[in-house]
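The values are calculated or read from the model by the stated rules, or taken from the named source; none is laboratory data. Just so we're clear, the structure is a prediction, and the values are computed from it rather than from any experiment. Quick reminder, even Gly has a Cβ in these numbers, built from the backbone with ideal geometry, and neighbours come from all protein chains shown. Remember, those area values only see protein heavy atoms, side chains included, never the ligands or the DNA or RNA. Shrake-Rupley method; radii C 1.70, N 1.55, O 1.52, S 1.80 Å.
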Amino acid sequence: MTKHYEVKMQVIAAMETQLSNGPTCNNTAHGSTTINNCSSPVDSGNTEDSKTNLIVNYLPQNMTQEELKSLFGSIGEIESCKLVRDKITGQSLGYGFVNYVDTKDAEKAINTLNGLRLQTKTIKVSYARPSSASIRDANLYVSGLPKTMTQKELEQIFSQYGRIITSRILVDQVTGVSRGVGFIRFDKRIEAEEAIKGLNGQKPPGATEPITVKFANNPSQKTSQAVLSQLYHSPNRRYPAPLAQQAQRFRLDNLLNIAYGVKSRFPPMTIDGMTSLAGINIPGHAGTGWCIFVYNLAPDADESILWQMFGPFGAVTNVKVIRDFNTNKCKGFGFVTMTNYDEAAMAIASLNGYRLGDRVLQVSFKTNKTHKA
DNA sequence: TCTAATT
């Protein structure tokens, strides 16, 4: 059995679970459990809060704002959508906001998309709290934890100081054993401050060593600082300031590329560019990605099923279920657009012949022929 | 000993 095949089967197995049980909680994802992920998104804990605005966490690194909008737009009309990016590098910070027109759609998005697996991530969808200074810098880094301590036990210790938004214990990627360090994010910064006062240097019940509790580093500033540091130490810095902003910009592009794989404004020629220039036609290739034809969907199939099936294989930019104009029922087929050829090919190879309920799907690159009957 | 959670 090849590695490729094992990975494929894992993806399928994960999908089976999800398709049969609906979106799952984060409870088994690399020990990075988030109790609130399961219990609290629908209960915002404050009736004053906006019930249309959602925060979406743990997005795949390569997911764009358009893809975010497309995914959540499959639920209902979106008022606004924003993927949060690093101000300097432009890199996604892995979270974003989706504001619906209708509160019912926001609730539906939480119920259907929270826990959705996209590539290596399990996204979290919950109501956004009103933005304010009091909820910033409320994240704590905890070290010296007993290796046997569970996330639940960790939360129990900290919960006396306030409302916990997330908790996590880091684990060894190979063995799965706790590394004895973790994070606690409180609702309010003052709660985090009180927890430091009360728990830093204290021994948890039954523990032999005291724990360290401090404010966590801000992960989003690391990338910016790394880029700035490289710019500072780069040879260009020796030249007088007016030396062409052009040169500096290319330099920055290169640095971003090397350090973070950021897309340059002058990307290398890709198969997309080549096909459009040459005017040649490749099956399934639509210029904006690779269009996949999915046949034998059930009458009640909706867009979310396509996201759930294809999302784990890579970047999906669009999904569409074709419906009868009068009945609004699925006519038995739909389309999925994926950015990268290899991911699309893997999805097709894995999903063609896949049994969804009592139907066997046919999945292929879209051809130019009209599909009739 | 540090993960991408407030526009």
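Some observations on this one:
- Pairwise label distance in nanometres, residue A:362 with residue A:132, each label 7 Å out on the Cα-Cβ vector: 5.8 nm
- Segment A:138-217 - accessible surface per residue (Å², probe 1.4 Å): 55 Å²
- Debye log10 I(q)/I(0) at q = 0.14 Å⁻¹ for segment A:138-217, Cα point scatterers: -0.39
- Highest mean packing comes first when the peptides A:151-159, A:322-330 are listed by Cβ atoms within 10 Å, giving A:151-159, A:322-330.
- Area accessible to solvent at residue A:143, 1.4 Å probe radius, in Å²: 30 Å²
- Amide proton proximity set for residue A:356, modelled H, under 5 Å, gap of 5+: A:361
- Of A:51/A:152; A:104/A:320; A:51/A:366, pairs whose Cα-Cα distance is over 31 Å: A:51/A:366
- Heavy-atom accessible area ranking, 1.4 Å probe, most first, across A:335, A:186: A:335, A:186
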